[in-house]
1. Name the pairs: first residue in the stretch 189-203 and on the phi > 0 side of the Ramachandran plot, second residue in a loop (DSSP other than H, G, I, E, B) and open to solvent by less than 40 Å² (accessible area, probe 1.4 Å), Cβ to Cβ under 9 Å, at least 6 apart or on different chains?
2. Scan the stretch 273-288 residue by residue and report those that are open to solvent by less than 50 Å² (accessible area, probe 1.4 Å) and part of a loop (DSSP other than H, G, I, E, B).
3. Among the numbered criteria (1) in contact with a strand residue (DSSP E or B) (Cβ under 9 Å, 6 or more places away or on another chain); (2) in a helix (DSSP H, G or I), which one does residue 225 miss?
4. In the set 148, 188, 192, 196, which member is buried (at least 16 other Cβ atoms within 10 Å of the Cβ), under 28 Å from residue 241 (Cβ atoms), assigned by the TED database to the domain that holds residue 229 and among the basic types (Lys, Arg)?
5. Any residue in the stretch 284-296 that is hydrophobic (A, V, I, L, M, F, W, C) sitting within a Cβ distance under 6 Å of a residue that is assigned to a helix (DSSP H, G or I)? List the pairs, counting only those 6 or more apart or interchain.
6. For the stretch 256-308, which positions are of a type in the set (Phe, Trp, Tyr) and within 18 Å of the chain's Cα centre (by Cα)?
Amino acid sequence: QVAIVVTDGRPQDGVQDVSARARAAGIEIFAIGVGRVDMGTLRQMASEPLDEHVDYVESYSVIEKLTHKFQEAFCVVSDLCATGDHDCEQVCVSTPGTYRCACRDGFSLNSDGKTCTACNGGLGSALDLVFLIDGSKSVRPENFELVKKFINQIVDSLEVSDRQAQVGLVQYSSSVRQEFPLGQFRNKKDIKAAVKKMSYMEKGTMTGQALKYLVDSSFSAINGARPGVPKVGIVFTDGRSQDYISDAAKKAKDSGFRMFAVGVGNAVEDELREIASEPVAEHYFYTADFRTISKIGKKLQMRICVGE
């Protein structure tokens, strides 16, 4: 219970006793004085601490400047997230007098409005996901380690199992090397360990050849792909391809694969757009600096999860 008293003069009766009774009854009193008000009267009325409950303005025309203060004061009183009086599994977002639940990046809010589920390909369905990673010399060893972290950032957002998400990894430079096929590893821990152990090829940039391998081999049954399961390819590159990409890029999309293109540094944006599925703006990403690819990772987590 809160009372806000606004006055611009001296009272014609006593306020001290009745104010004390009000405060004793649990009423929080804010006293606002305007113009030629008696400040002693304000202090007699207001709750403790006085510096938080007594305010003064020169005239009624500027009293609205106190609005923000009271909005903040009442939000703190009713901040159910701050008091822990909520049942959100991950993130509580406070609004005046109430709250709503949200989820961390890579998770989606369930229909109960409280709990969160890691991405598993969307709406409980399965997902076959293959990373196609540039291992060319221009990437450099220290940046290749950042690329590994980027891959594992995406893996963290998935529910990996025989019936949900499967992950495969291919590295390319002047040639193409399958690091591990879909379904070889049945949990996130083993996938992430295999990614960390991946050695750096350090040669050219044959993106077209890599895309052809993705289409012809990565999503084949012999390499663990499951019939009728959505297929997603994430292509990562830091430079212009040294071979022709158009035919393989078109074939990947025509085959029904959902293709994401991620470019860093000297990557050619026209090539990224050619690789990316429609709508292109939602399927291609570019950054000049390897150190910021984790931001792209966060966006990709949500696109993969929600999009399917």
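The values are calculated or read from the model by the stated rules, or taken from the named source; none is laboratory data. Predicted model only: the values in this text are computed from it and were never measured. Every residue, glycine among them, receives a Cβ derived from its backbone with ideal geometry; neighbour counts consider all protein chains shown. We work out accessible area using only protein heavy atoms, side chains counted, and drop any ligands, DNA or RNA first. Shrake-Rupley method; radii C 1.70, N 1.55, O 1.52, S 1.80 Å.
1. Pairs found: 202/135; 202/173.
2. The answer is 276, 277, 283.
3. (2)
4. Working: 188 fails: under 28 Å from residue 241 (Cβ atoms); 192 fails: under 28 Å from residue 241 (Cβ atoms); 196 fails: buried (at least 16 other Cβ atoms within 10 Å of the Cβ).
Testing whether each residue is buried (at least 16 other Cβ atoms within 10 Å of the Cβ), under 28 Å from residue 241 (Cβ atoms), assigned by the TED database to the domain that holds residue 229 and among the basic types (Lys, Arg) leaves just 148.
5. 285/296; 290/143; 290/146; 293/150
6. Passing the criteria: 260, 284, 285, 286.
Table: residues versus (1) aliphatic (A, V, I, L, M); (2) closer than 29 Å to residue 94 by Cβ; (3) under 41 Å from the mean Cα position of the chain (by Cα); (4) not assigned by the TED database to the domain that holds residue 94.
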{"site": "17", "(1), (2), (3), (4)": "no, no, no, yes"}
{"site": "20", "(1), (2), (3), (4)": "yes, no, no, yes"}
{"site": "29", "(1), (2), (3), (4)": "yes, yes, no, yes"}
{"site": "36", "(1), (2), (3), (4)": "no, no, no, yes"}
{"site": "39", "(1), (2), (3), (4)": "yes, no, no, yes"}
{"site": "43", "(1), (2), (3), (4)": "no, no, no, yes"}
{"site": "49", "(1), (2), (3), (4)": "no, yes, yes, yes"}
{"site": "64", "(1), (2), (3), (4)": "no, yes, yes, yes"}
